[in-house]
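Here's the structure we're looking at; comments come further down.
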Amino acid sequence: MTGPARRDVLRMGALMAGGLPLLGGVRPAAAATEGVAARVRPPRFRDAWFPITDFGASGDGTTDCTRAIDAAIKACHAAGGGHVLVPAGRWATGAIHLLSGVDLHVDKDATVLFSTDPAAYLPVVLTRWQGVEAYNYSPLIYAYGQRDIAVTGGGVLDAQGDNAHWWSWVGSGQYGWRSGMPNQRADWAALEKMGENGTPVDQRVFGAGHYLRPSFIQPYACENVLIEGVTLRHSPMWNIHPVLCRNVTVSGVTIDSLGPNGDGCDPDSCQDVVIRNTTFATHDDCIAIKSGRDQDGRRVGVPSKNILIEDCVFLSGGGAVAIGSEMSAGVSDVVARRLSLPFDASIDEASVSWILSVKSTSTRGGYMRDITVTDVSCPAWTYVPFEVTYTYMGGGASDLYPDTSHITVWNWSVGGPCDYPYRVRGVPAAPVRDVRLTNLTFEQPKNPPVVENADVTTRHVTT
């Protein structure tokens, strides 16, 4: 949905995030949370500015500025770092590749319009697609092996994805696909098989002639990353997807992207991450913590851990906070606090299906542990506010269940209707251990809670 009503709601959501009242009490996992907050610091940049107009860019919305932006980034990097300025205007571009020491600063009156021509994202780069490493189209903003990088400012990054561009590749009529049109199914099946068989990564080459959609912003194997203040719209696929990164801050971002698999922010095999004051309107999960898929995730073997989520607003999507489902190297030490899930009838696909979704299958392995979600205000509809499942997307044919334990859910006020207040289901071979639910109110559940093969303790829980 577009138009003033939606923009106003998104803007208000970002403001609400900083002022959401607490529901009282002492927070669990406080020491771990404050440790992450103390360690994670955004990078600093030299007070040197490199306007892209100095390198030949034109803000008329049609002139291709790819070379000018690239030249500005390289000049900034060579000079010892600073800010590459995208001034007021409408700037058309293809892939943007950041280098160490560079802040791409998008003015509040600037809109960056990314090309919908897949050729603008070639040559292929090393990426991770649904948890499996491959060479594919470049993410729209990409960095590999860099330090001290940022995308900041109050401007708009518009990928221009829609049913005629990118989204139909998912192969769904909901997103413009029709019989005879290309889609990602064969490529995804091939890549998944490559991951399972251990095909060398340099032989997993897609890109031209293939249909695996790129992420919007992806720092890969980077350290000291900041994404702040910008608005992301209409991503081809996942919006913010840091992979194998350390010291990542996402702050004050607005994500307005209802395309297929349009996750908001997915830290993937990342450590020391803070996501705060960010507003999400997505079709798929808002935040999903990941660490690789099945055998390929176990091969890389880098978990996600030490992640703090705070003061965020979730307007639409799958899970507000999801763990998985691609988490084969493990996820631990995640704290989410002061979350708001408001309801506004003017928003398409209004509301979120899960507040906390811990999801996996029998093929993933790994672990999901030490997860805390506190101080949640949710007047909107949810499907199941809190769920643990091993049968996500039907499960799998193996018996590599994850080790799931030590989950704290605390101080939630869920006023909207829901199908189940919580549903925690392990299996006999892999029970869910040590789930603690405290000070929770579910005002309109349709059905009673479900607990199967799980150790769940409750205190002051109203259903």
For the subset of the stretch 430-447 comprising residues that are outside any strand (DSSP E or B) and in contact with a strand residue (DSSP E or B) (Cβ under 8 Å, 6 or more places away or on another chain), which member is surrounded by the most Cβ atoms within 10 Å (Cβ to Cβ)?
PRO431
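Touching a residue at least 40 places away in the same chain (Cβ under 8 Å), among the basic types (Lys, Arg) and at negative phi: which single residue out of LYS108, LYS74 fits that description?
Values: LYS74 fails: touching a residue at least 40 places away in the same chain (Cβ under 8 Å).
That would be LYS108, the only listed residue that is touching a residue at least 40 places away in the same chain (Cβ under 8 Å), among the basic types (Lys, Arg) and at negative phi.
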Would you pick out the residues in the stretch 38-53 that are surrounded by 14 or more Cβ atoms within 10 Å (Cβ to Cβ) and in a helix (DSSP H, G or I)?
ARG39, ILE52, THR53
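Identify the residue in the stretch 370-383 that is touching a Lys or Arg at 6+ places or on another chain (Cβ under 9 Å) and either closer than 19 Å to VAL313 by Cβ or basic (Lys, Arg) (or both) and, among all such residues, is surrounded by the fewest Cβ atoms within 10 Å (Cβ to Cβ). Quick ask: steps written out before the conclusion?
In the first step, residues of the stretch 370-383 are kept if they are touching a Lys or Arg at 6+ places or on another chain (Cβ under 9 Å); the result is 370, 372-377.
Still in the running and either closer than 19 Å to VAL313 by Cβ or basic (Lys, Arg) (or both): 373-377.
Details: VAL373: 24, THR374: 26, ASP375: 23, VAL376: 27, SER377: 21.
Checked the stretch 370-383; the qualifying residue surrounded by the fewest Cβ atoms within 10 Å (Cβ to Cβ) is SER377.
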Inspect all residues belonging to the stretch 194-207 and state whether any of them is closer than 28 Å to THR111 by Cβ, at pLDDT 95 or above and either hydroxyl-bearing (Ser, Thr, Tyr) or outside any helix (DSSP H, G or I) (or both).
yes
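Tally the residues that are out of contact with any Cys (no Cβ under 6 Å at 6 or more places or on another chain), over 22 Å from PRO214 (Cα atoms) and not small (Gly, Ala, Ser), restricting the search to the stretch 63-89.
In the first step, residues of the stretch 63-89 are kept if they are out of contact with any Cys (no Cβ under 6 Å at 6 or more places or on another chain); the result is 63-81, 83, 85-89.
Narrowing the set further to residues that are over 22 Å from PRO214 (Cα atoms) leaves 63, 68, 71-72, 74-81, 83, 85-89.
Filter again for not small (Gly, Ala, Ser), leaving 63, 74, 76-77, 83, 85-87.
Result for the stretch 63-89: 8.
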The one condition GLY195 fails out of (1) over 24 Å from LEU99 (Cα atoms); (2) surrounded by fewer than 23 Cβ atoms within 10 Å (Cβ to Cβ) is (2)
Which of the residues belonging to the stretch 390-429 are touching a strand residue (DSSP E or B) at 6+ places or on another chain (Cβ under 6 Å), assigned to a loop (DSSP other than H, G, I, E, B) and of a type in the set (Gly, Ala, Ser)?
GLY426
Check on ASP60, at pLDDT 95 or above, exposed (fewer than 14 other Cβ atoms within 10 Å of the Cβ) and either among the aliphatic types (A, V, I, L, M) or farther than 16 Å from GLU310 by Cβ (or both):
yes
Please determine, by comparing only the residues of the stretch 343-360 that are in a loop (DSSP other than H, G, I, E, B) and modelled with pLDDT under 95, which one is surrounded by the most Cβ atoms within 10 Å (Cβ to Cβ).
ILE347
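β-branched (Val, Ile, Thr), crowded, with 24+ Cβ neighbours inside 10 Å and touching a residue at least 12 places away in the same chain (Cβ under 8 Å), is that true of THR249? Give the derivation first.
On the way: β-branched (Val, Ile, Thr): yes; crowded, with 24+ Cβ neighbours inside 10 Å: no; touching a residue at least 12 places away in the same chain (Cβ under 8 Å): yes.
Answer is no for this residue.
Matching residues to (1) surrounded by fewer than 23 Cβ atoms within 10 Å (Cβ to Cβ); (2) within 21 Å of the chain's Cα centre (by Cα); (3) free of Cβ contacts under 8 Å to residues at least 24 places away in the same chain; (4) within 21 Å of ALA95 (Cβ to Cβ):
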position: GLY173; (1), (2), (3), (4): yes, no, yes, no
position: PHE206; (1), (2), (3), (4): yes, no, no, yes
position: ILE217; (1), (2), (3), (4): no, yes, no, yes
position: VAL253; (1), (2), (3), (4): no, yes, no, yes
position: ASP256; (1), (2), (3), (4): no, yes, no, no
Got a sec? Which of TYR142, TYR135 is in contact with an Asp or Glu (Cβ under 8 Å, 6 or more places away or on another chain) and aromatic (Phe, Trp, Tyr)?
TYR135
Give me the residue from the stretch 328-343 that is touching a residue at least 60 places away in the same chain (Cβ under 8 Å) and in contact with an Asp or Glu (Cβ under 6 Å, 6 or more places away or on another chain) and, out of that set, nearest to LEU244 (Cα to Cα).
SER328
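The values are calculated or read from the model by the stated rules, or taken from the named source; none is laboratory data. Since the structure is predicted, the reported quantities are computational estimates derived from the model, not experimental observations. Cβ sites come from the backbone with ideal geometry, for glycine too, and all protein chains shown count toward neighbours.
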